[in-house]
Amino acid sequence: MKILQLLENAPYSETQRAWLGGFFSGMRSQLKQNAGAANATVAQTIHILYGSQTGNAESVANDAATAAKAHGLKPVVTSMDAIDSDALVAMDTLLIVTSTYGEGEMPDNAQMLWEAVSAESMPTLPNLKFSVLALGDTGYDLFCKAGIDWDNRLAELGATRIYDRVDCDVAFEAPAESWISSVIPQLGSKDAASMVVDIESAAPKSQYSRKNPFPAKLVVNRLLTAADSSKETRHYEISIAGSELSYEAGDALSIVPTNCPELVAAIIKAIGCTGDEIEPVNGESMSLTDALRTHFEIKLPSKELVQEIATRSGNQELNGLLSTGDKEALSNYLWGRDTLDLLLQNPLCEFAAAEFIALLKPLQHRAYSISSSGKMHTDTVHLTVASVRYDSFDRQHKGVCSTFLADLVDAQIEVRCFFTPNKVFRVPDDNNLPMIMVGPGTGVAPFRAFLQERQYRKATGKNWLFFGDRNAATDFIYRDELEAMQADGVLTRLDLAFSRDQAEKIYVQDKMREHGAELFAWLEQGGYFFVCGDAYYMAKDVDKALLDVIAEHGKLTEAQAVDYVNQLKKHKRYVRDVY
Ligand SMILES: Cc1cc2nc3c(=O)[nH]c(=O)nc-3n(C[C@H](O)[C@H](O)[C@H](O)COP(=O)(O)OP(=O)(O)OC[C@H]3O[C@@H](n4cnc5c(N)ncnc54)[C@H](O)[C@@H]3O)c2cc1C
Ligand SMILES: NC(=O)c1ccc[n+]([C@@H]2O[C@H](COP(=O)([O-])OP(=O)(O)OC[C@H]3O[C@@H](n4cnc5c(N)ncnc54)[C@H](OP(=O)(O)O)[C@@H]3O)[C@@H](O)[C@H]2O)c1
Ligand SMILES: Cc1cc2nc3c(=O)[nH]c(=O)nc-3n(C[C@H](O)[C@H](O)[C@H](O)COP(=O)(O)O)c2cc1C
């Protein structure tokens with residue numbers, strides 16, 4: 001209908017209008033008939049639930065919905081935190097798309113529903129038909145664990161699996177498409193409803209997306225940490241002018257990097273190739289050098305490559321670790337060793353170009369939390385990135401993407417990027433509600449964006465930032481901006497934890513505990529609690545501190561405090577962007 005309205009409102013001459021009049025009225029009545037047909041047949045509802053931390057599963061869920069509509073079904077796409085177990089019991093056809101986070105854990109938005117569904121009190125689901133698509137990364141020990149858990153639990157509850165679970169590695173697009181095209185036709189058949197839906201759906205504003213990244217220009221690359229800091233954190237501004245793309249504070253920008261040319265050359269030499277070997281990659285013929293530059297992960301070795309190096313070299317230590325299946329010992333052995341180290345330490349490992357490529361994983365984009373407000377900066381996206389550089393085995397090692405950006409000297413080189421929206425990590429709609437933000441290190445990134453957003457909206461709600469890093473003198477990034485925001489009154493409170501400025505470490509969670517009474521008071525006033533940064537240590541410790549603060553200052557038992565936190569999560573007042 002929207003397309004018809006646009007056409008009708010276009011500036012046609014009277015003669016054109018007279019001719020088009022007949023066309024529009026014919027088209028409208030056809031659409032009404034189709035809509036009538038759709039109502040008459042009552043399209044079957046299918047539920048698509050997603051568990052997603054950074055948007056991949058959500059985007060697959062939406063793709064599944066598009067395919068379902070095209071088959072005359074009525075898809076309802078829902079985030080797992082938007083429903084409770086009673087709603088699940090009432091469903092009869094369910095597709096689940098979920099990623100795995102932490103160490104084999106559910107993504108944040110799936111945790112509460114999962115707890116309810118895995119409880120002993122969960123009713124059986126004999127009438128439910130389901131299929132699961134699991135997203136994960138074979139680099140993690142518990143590959144696709146969340147999807148596997150859902151699949152097993154639904155079957156255990158008596159639901160009928162209509163199509164076998166598909167587990168996707170980082171290159172999830174092709175297997176996800178194949179799952180969608182296999183499972184959807186089993187749920188219903190094409191009918192007239194799809195025609196109406198297709199016309200109703202708006203065309204995307206921009207031609208650029210995850211599938212077609214925008215070739216952007218890096219316009220600012222500035223060191224934020226002091227030259228004598230023990231770390232290197234940089235501020236980037238990436239131009240999106242001309243892309244017709246837009247973003248919200250809280251979203252992430254994903255960058256598609258290319259590998260360091262020196263590393264590519266060193267690996268080619270180590271495997272005994274020249275780099276000129278021509279190989280087919282994704283249906284295209286290209287030199288080994290180009291393939292390793294742009295298509296494959298060459299820093300972190302795949303499990304298959306580690307195994308092959310062990311077999312070919314006969315390295316006893318490595319073979320021993322692989323055969324015992326002691327994952328922790330293997331991961332300790334691999335820590336600090338990249339693909340080149342493994343090749344150099346096992347010099348008998350020569351490979352033909354095709355053999356080597358077959359053992360590599362595709363080069364993946366890296367996500368970065370955006371540190372600007374899309375309302376204040378419509379043409380640029382700001383990022384705050386710590387460059388990964390470390391020495392081990394007598395070489396300097398560089399993180400693929402963070403140093404691709406840091407070392408980009410030629411401003412003409414394209415930075416291919418796409419947005420990864422995070423619909424729950426948002427400044428509250430209500431401008432009067434307080435925000436508490438915990439973001440040590442690069443975790444401060446989205447909170448710079450949130451504060452800009454509040455400034456732009458002239459929001460009156462109070463804002464409290466807990467920031468920390470190693471040393472105040474060298475690592476107090478965005479200090480001028482934050483202090484200016486404090487002076488302006490946008491940043492109501494700033495609590496700082498510089499961990500290495502004294503003998504005993506002080507972390508953001510220590511500051512939370514120190515000011516627990518006030519923190520609890522802000523929560524009681526309807527405050528939102530946001531966390532960004534390290535997932536493995538910081539976010540877990542902050543979670544524990546939040547629980548302790550709530551129990552102590554709310555005078556609650558542990559169970560009541562857990563309930564309080566669950567209510568915050570349920571109402572999206574406790575949300576995290578952790579990595
Ligand atoms: C949603 C999301 C948002 C993010 N936002 C940000 C952000 O705002 N800012 C930011 O800086 N990052 C952010 N990240 C992390 C970012 O995506 C990358 O993971 C990070 O930049 C490292 O990527 P890289 O390609 O440079 O390093 P990689 O090439 O991926 O190398 C990293 C690997 O190197 C190894 N390694 C690292 N340090 C050492 C060491 N000292 N010794 C031995 N081995 C080591 C580890 O195996 C590590 O996994 C975010 C991640 C996600 C998922
Ligand atoms: N999963 C991941 O891949 C992942 C996660 C986080 C960061 N990183 C990468 O690591 C690099 C640096 O990250 P960054 O600048 O964000 O942070 P960072 O340098 O690791 O840490 C920032 C601050 O947090 C402190 N910290 C350490 N452990 C903590 C804990 N348990 N609770 C609270 N605070 C704690 C640090 O103190 P001390 O160092 O003095 O102990 C430091 O003061 C980046 O490349 C980033 O991408 C990767
Ligand atoms: C911090 C972190 C932890 C992860 N842990 C796991 C894991 O334990 N097992 C796994 O298979 N994948 C793991 N992954 C990979 C994600 O599941 C995968 O990237 C997925 O595509 C993300 O989808 P999402 O954007 O919908 O959350 C992890 C990713 C990150 C960034």
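Structure summary
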| item | result |
| --- | --- |
| Pair list, Cβ under 9 Å, 6 or more apart: segment 215-239 residue on the phi > 0 side of the Ramachandran plot, other residue part of a strand (DSSP E or B) | none |
| Top-ranked residue in segment 362-386 [being part of a loop (DSSP other than H, G, I, E, B) and open to solvent by less than 20 Å² (accessible area, probe 1.4 Å); ranked as nearest to S254 (Cα to Cα)] | S371 |
| Enumeration of residues in segment 253-266 that are under 30 Å from the mean Cα position of the chain (by Cα) and within 22 Å of L344 (Cβ to Cβ) | N259, C260, P261, E262, L263, V264 |
| Scope segment 387-420; condition surrounded by fewer than 19 Cβ atoms within 10 Å (Cβ to Cβ) and either in the same structural domain as T339 (by TED's automatic domain parsing) or part of a strand (DSSP E or B) (or both); matching residues | R389, Y390, D391, S392, R395, Q396, H397, R416 |
| Residue match in segment 312-320 (condition: touching a Ser or Thr at 6+ places or on another chain (Cβ under 9 Å), surrounded by 17 or more Cβ atoms within 10 Å (Cβ to Cβ) and among the hydroxyl-bearing types (S, T, Y)) | no |
| Residue check, R366 among the basic types (K, R) and either more than 9 Å from ligand 1 (Cβ to nearest atom) or over 17 Å from A216 (Cα atoms) (or both) | no |
| Odd one out for N282, checked against (1) buried (at least 18 other Cβ atoms within 10 Å of the Cβ); (2) closer than 30 Å to E414 by Cβ | (1) |
| Qualifying residue in segment 443-453 (condition: farther than 24 Å from F214 by Cα and within 16 Å of ligand 3 (Cβ to nearest atom)) | yes |
| Test: Q525 is open to solvent by 20 Å² or more (accessible area, probe 1.4 Å), touching a residue at least 60 places away in the same chain (Cβ under 8 Å) and away from ligand 2 (no atom under 16 Å from the Cβ) | yes |
| Strands (runs of 3 or more DSSP E) enclosed by segment 61-159 - at least 2 residues per element that are more than 11 Å from ligand 3 (Cβ to nearest atom) and touching a Leu at 6+ places or on another chain (Cβ under 7 Å) | 93-99, 129-135 |
| Test: residue in segment 456-468 that is open to solvent by 70 Å² or more (accessible area, probe 1.4 Å) and either in a strand (DSSP E or B) or on the phi > 0 side of the Ramachandran plot (or both) | yes |
| Residue within segment 108-130 that is open to solvent by less than 60 Å² (accessible area, probe 1.4 Å), of a type outside the set (A, V, I, L, M, F, W, C) and closer than 28 Å to E304 by Cβ present | no |
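The values are calculated or read from the model by the stated rules, or taken from the named source; none is laboratory data. The model shown is predicted, which means the values in this text are computed figures rather than measured ones. Every residue, glycine as well, gets a Cβ built from its backbone with ideal geometry; the counts of neighbours run over all protein chains shown. When the accessible area is computed, the model is the full protein with side chains, heavy atoms only, and any ligands, DNA or RNA have been set aside. Shrake-Rupley method; radii C 1.70, N 1.55, O 1.52, S 1.80 Å.
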